[in-house]
Every structure is written in structure tokens, then in C-alpha cells.
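Chemist: Got a structure for you, questions after.
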Amino acid sequence: MQREHDAVMAAIRGRRSIRSYEDRPLDDGTVQAIIDAGIHAPTALGLQPWQFIVVRDQTLMKQISEYCKPFLRAALRDATDEASIAYREILAHEEYDIFYDAPVLVLVLGDVRNRYSIYDCTLCAGTMMLAAHALGVGSCWIGSAEPVSGSPEFLAALGVPEGWRTVAPIIFGYPKGTPEPQTRRDPVITWIG
């Protein structure tokens, strides 16, 4: 039991957002294993309000990246915080790809009729990212892909069914190196009782 505990804690503490990938494919079995781990996440009332779309089409991913970048630049135009300014500078580079040339993009879709689907799909996505790390696969949640949700053309190209929304666009691939861990701030904890 202690070994399982240690392995889980190591995965949680060792996972990083990977933004640099090796130029090699991720096989279907590994992607399926990652998704299978995700569907074991907690879900309100056991409803499992998710679907998944696996995108390997690099041309489509580049088109989505180019579509999203102007929205991101506009959103950051007046930002003054250090992180936003740094990202604005990155977005200025023509060759920048919001998907970091990853070989696989998985869209975790939530059922719009289920009021808890955003929470459930977020738990699913986090579990997928931990499972990927445990399998030696890097991942990164790409919040920068959010503007694609407003494009009927891209939603159709991706095959997003009517009544479903993209909750978590996550890239996967074999990492080129491992980033240093970020320092974590001490949490604010209020104890009652």
C-alpha cells in the first residue's frame, strides 16, 4: 500500500506542464490508456458527462493556433502584469504555435445539459495529465485554445457534436527535457472545528 501511495504522490509532485516535445508520435494504446485513466475520475451522480476527440492532424492544429492568436493578443493588449506581458511577447512571434508542436491534442468535451460537466471534465482532465506523467508522457492544458469554441467552422472540423462544449484542450507527447518545478506558495487554510 505504501508503494502505491508513494507512486501517486510522486506523480502529483513530478508532473509539469510540458511545452517542448520530441518529434515522435504517440501510439493509440498510450492515448487510450490516458483517456481510460481520466474516466475513472470522480463525477457528480456518476453521470460521466464527457466525450473525447483525439486530434493528430498537425495542419488543423496549426490553423487553430493561427485562429486563436489574434484573440489572445487582443485580450492581452492592456495587460500590465509580468506573465501577461511575457506571453504577449511570445504571441508576437510568427512561428509560435499554441500547441507547441505536440503530436496529439485531446479535447475533453462536456455535456452542456449537465450543470456539473465543467467540474467533472476538469477532474477527468487532471487525472489524464497525472496518468500521462506516470506513463512518461508530457502534457499541457492549452487554455489559449478557448477562442476556437466560438468558431462554428472549427467546431465542425473537429467534430464537436451539438450540445457539447470543449472544457479541456490538452496536448500530449514525449517531452524534450523536464522544466524545473515552480515554487509553491503556502496555502491559506482555515480550520473550522
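The values are calculated or read from the model by the stated rules, or taken from the named source; none is laboratory data. Predicted model, so just to flag it, every value in this text is computed and none were measured. Note: ideal-geometry Cβ built from the backbone for every residue, glycine included; neighbour counts use all protein chains shown.
Chemist: Collect the residues in the stretch 84-118 that are of a type in the set (A, V, I, L, M, F, W, C), in contact (Cβ under 8 Å) with a residue 40 or more places away in the chain and surrounded by fewer than 18 Cβ atoms within 10 Å (Cβ to Cβ), keeping them in residue-number order. Steps first, answer last, please.
Modeler: Residues of the stretch 84-118 that are of a type in the set (A, V, I, L, M, F, W, C), as a first pass: 85-86, 90-92, 98-99, 102, 104-109, 112, 118.
Next, from what is left, pick out any that are in contact (Cβ under 8 Å) with a residue 40 or more places away in the chain: 98-99, 102, 104-109, 112, 118.
Across the stretch 84-118, the qualifying residues are V112, I118.
Chemist: Restrict the check to the stretch 21-37 and report whether at least one residue is of a type in the set (V, I, T), farther than 26 Å from G150 by Cα and touching an Asp or Glu at 6+ places or on another chain (Cβ under 7 Å).
Modeler: Step one: list which residues in the stretch 21-37 are of a type in the set (V, I, T), which gives 30-31, 34-35.
Then drop every residue that is not farther than 26 Å from G150 by Cα, which leaves 30-31, 34.
If we keep only those that are touching an Asp or Glu at 6+ places or on another chain (Cβ under 7 Å) as well, we get none.
Within the stretch 21-37 (the criterion being of a type in the set (V, I, T), farther than 26 Å from G150 by Cα and touching an Asp or Glu at 6+ places or on another chain (Cβ under 7 Å)), the answer is no, since none of the residues qualifies.
Chemist: For residues that are in a loop (DSSP other than H, G, I, E, B) and β-branched (V, I, T), scanning just the stretch 168-193, find the one that is surrounded by the most Cβ atoms within 10 Å (Cβ to Cβ). So that I can check it myself, show each step before the final result.
Modeler: The initial filter retains those residues of the stretch 168-193 that are in a loop (DSSP other than H, G, I, E, B), namely 174, 176-193.
Still in the running and β-branched (V, I, T): 178, 183, 188-190, 192.
Values: T178: 12, T183: 5, V188: 5, I189: 5, T190: 4, I192: 3.
Among those residues, the one meeting the criterion is T178.
Chemist: Evaluate the stretch 137-150: report whether one residue or more is under 12 Å from the mean Cα position of the chain (by Cα) and loosely packed, with under 15 Cβ neighbours inside 10 Å.
Modeler: For the stretch 137-150, residues under 12 Å from the mean Cα position of the chain (by Cα) and loosely packed, with under 15 Cβ neighbours inside 10 Å: present.
Chemist: What residue, among those in the stretch 81-115 that are within 24 Å of D57 (Cα to Cα) and among the charged types (D, E, K, R), is modelled with the lowest pLDDT?
Modeler: Going through the qualifying residues, I end up with E94.
Chemist: For a quick check of your reading of the model, give me the residue pairs whose first member lies in the stretch 27-55 and is closer than 11 Å to A125 by Cα, whose second is among the polar types (S, T, N, Q) and assigned to a loop (DSSP other than H, G, I, E, B), with beta-carbon atoms closer than 7 Å and at least 6 apart or on different chains.
Modeler: If the second residue must be among the polar types (S, T, N, Q) and assigned to a loop (DSSP other than H, G, I, E, B), the pairs left are I39/Q48.
Chemist: Here is a follow-up. Out of curiosity, is Q48 under 23 Å from L158 (Cβ atoms) and outside any helix (DSSP H, G or I)? Quick ask: steps written out before the conclusion?
Modeler: Values: under 23 Å from L158 (Cβ atoms): yes; outside any helix (DSSP H, G or I): yes.
For Q48, the condition - under 23 Å from L158 (Cβ atoms) and outside any helix (DSSP H, G or I) - is met.
Chemist: Condition first: touching a residue at least 24 places away in the same chain (Cβ under 8 Å) and of a type in the set (D, E, K, R). Now tell me which residues in the stretch 56-76 satisfy that.
Modeler: Across the stretch 56-76, the qualifying residues are R56, K62, K69.
Chemist: Moving on to the next point. Quick check on this structure: which one of T59, T43 is surrounded by 15 or more Cβ atoms within 10 Å (Cβ to Cβ) and of a type in the set (V, I, T)? Don't jump to the end; show me each part of the working.
Modeler: Details: T59 fails: surrounded by 15 or more Cβ atoms within 10 Å (Cβ to Cβ).
After ruling out the rest, the residue left standing is T43.
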